[in-house]
Amino acid sequence: MTDAADTSAADTTQVTLWWADAADWGSSPGDLMALLSAPERDRFARLRRPADALAYACAHALVRLLAARELGIGPLEVGLVADLGGKPRLDGRRLPGVSLSHSGTLACAALCRTADIGIDLETSGPRTGADRLAERVLTPREVGTWRANGGAWADLMAAWTVKEALLKASGLGISAGMEALQVGAPPPAAAHPLTVPEAMAPAEGWAYARITTIAAAAAAVAAASPNPLTARYERILRGQCGMP
């Protein structure tokens, strides 16, 4: 399945995306823990909210299983490390590029053979303070357009996920500042030209796709590539593709 128009494979950056709902595991991670490294298990134990911890475990299990399938090795042979900016990478490899995200009970992982990528997923519903949040996330021009169009929470989250995915793909992360990245009038459209921070400028180009089929979440995937992005996605249920 895909969220982007089909074009020649040679002209697109293809991303495989797996997602899961941690609610499928009830209140216990069960055998998911066997797919986590020791540092990941330590991080899992420090998360205070059980739902966050379970989604964290799902996301890391998904990315390890997805990479294992791509590399033709066992999931426990997949070394997942973070670079200095916190971007996950396969140990000793720049490519294939991998990324992961989780929010609420949902978790996702993405892999690309040809480019560094980033993915973001957000499940939060409308809340007070949206206007102040918009000023931290959007450029002044985007804020004006967002307010003129009604200030919808869904549009703000669409912009948030696209920007975070792009910043993850760049390796900068959100500490670089979402407000420095212009993706167009919320909700963003891939055809709109991007204005990126100077630290992202050396790349050949950037591409992204909004993912609108993951439950009720806002989600986006981005790649350091000048070519259009095609995201092929699949929901992974408990017991499928090695998910225990």
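The numbers here are math on the coordinates, done by the rules we state, and not lab data. Because the structure is predicted, anything quoted here is derived from the model rather than measured. No Cβ is skipped: glycine too gets one built from the backbone with ideal geometry, and neighbour counts run over all protein chains shown.
Below are the figures for this structure:
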item	result
Rounded if a/c under 1.5, otherwise prolate or oblate - segment 68-124, Cα gyration tensor axes	prolate
Residues S124, S225, S27 arranged by fewest to most Cβ contacts within 10 Å	S27, S124, S225
Spin-label pair D11/E135, simplified geometry with 7 Å Cα→Cβ offset, distance in nm	4.4 nm
Equivalent ellipsoid dimensions for segment 86-184 as semi-axes, Å, which come from the Cα gyration tensor, largest first	28, 15, 10
Ranked list, fewest to most other Cβ atoms within 10 Å of each Cβ, for C241, C112	C241, C112
Net dipole in debye of segment 9-235 [+1 Lys, Arg Cβ; -1 Asp, Glu Cβ; about Cα centre; nearest 20]	200 debye
Cα-projected label distance for R94 with T145, points at 7 Å along beta-carbon direction, nm	3.2 nm
Hz values of 3J(HN,Hα) by residue in segment 103-117 - Karplus curve (6.51, -1.76, 1.60), Gly and Pro given as x	7, x, 9, 9, 9, 8, 9, 9, 9, 9, 6, 10, 8, 5, 9
